[in-house]
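Colleague: One structure, pasted below without further comment.
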Amino acid sequence: MGYTPVPSMKSILKSSAPVARIPCLNVLLAAGTSLMLAGCGAGWGLAGASWDSARDLAEVESYEAHIAAGLTETVQDNSCGNAGDTTFAVEQRFDDVFNDFAFSIERLEAVTALPGTAIEVAFRDRTFVATDNGKPLISETLPAVFGMRPAALGVGDLGGRRVILLINRSRATTGKAFVAVYALDGTTLYRNALSSGQVWDILPSAGGIDVIGCGETGRIAAQH
């Protein structure tokens, strides 16, 4: 089918709570399904070297993270990239970041159907859209620094339900990565504008999803 823009709208949030990410905080987590976000933010952008405007940089730096009720996020250090290391324990991936999932799209632009569903997704003009049998589910416009590249998409599980994962990267000089997780009904479960160092790879794990960076490990857990 051709690409049909959906009305300008934010996805319907069943529950919403802004979160403040605390870098490099050592924590212990209760057992539960988890989504792991990793990599310290400091040092991964090239301050003063970005080709993006001051206004666009201010927009992404002030972007308000979202985590749905019923999920918790914690952050802890990991050993990747310690001073003196000559190798990294984490593999840095780019377009194929969702390659380990059963279904993934390396470069999402044109309308694409998600197998086993009536959901179609597309990414154009820095806006991610999803429809279900033609009914709008998601219309998410990313900050302006994410307007240079197609998005990557994966389908996984979090807290016992299927979810859509989205990532888009800014210019390397800006050093940002937009990461979002949506339920199949369009509910936004998580979204944030992270540093590129926090998103080196994204992997499925037992009962959850790991987003692995270099320096810190954050975890989003579904409470039971």
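Colleague: Mind ranking 68-78, 104-114 by how tightly packed they are, going by the mean number of other C-beta atoms within 10 angstrom, highest first? Walk me through the numbers before you get to the answer.
Modeller: On the way: 68-78: 18.2, 104-114: 15.7.
Averaged packing, sorted descending, gives the order 68-78, 104-114.
Colleague: From the Cα gyration tensor of the range 95-222, with a ≥ b ≥ c the square roots of its eigenvalues, which class applies: rounded if a/c is under 1.5, or else prolate if a/b is larger than b/c, or else oblate?
Modeller: Working: a/c = 1.71, a/b = 1.14, b/c = 1.50.
Here the range 95-222 falls in the oblate category.
Colleague: Take 211, 121 and order them by how many other Cβ atoms sit within 10 Å, fewest up front. Intermediate values should be presented prior to the final figure.
Modeller: Values: 211 27, 121 24.
Ranking 211, 121 by Cβ neighbours within 10 Å, fewest first, gives 121, 211.
Colleague: Using Cβ contacts closer than 10 Å as the measure, can you line up 63, 190 from fewest to most? Kindly include the intermediate steps, with their values, before the conclusion.
Modeller: Details: 63 17, 190 22.
Lowest count first: 63, 190.
Read-outs throughout are calculated quantities, based only on the coordinates presented, and are distinct from any laboratory measurement. Source: prediction; values computed, not measured. Neighbour counts are summed over all protein chains in view; Cβ atoms, including those assigned to glycine, are modelled from backbone coordinates with ideal geometry.
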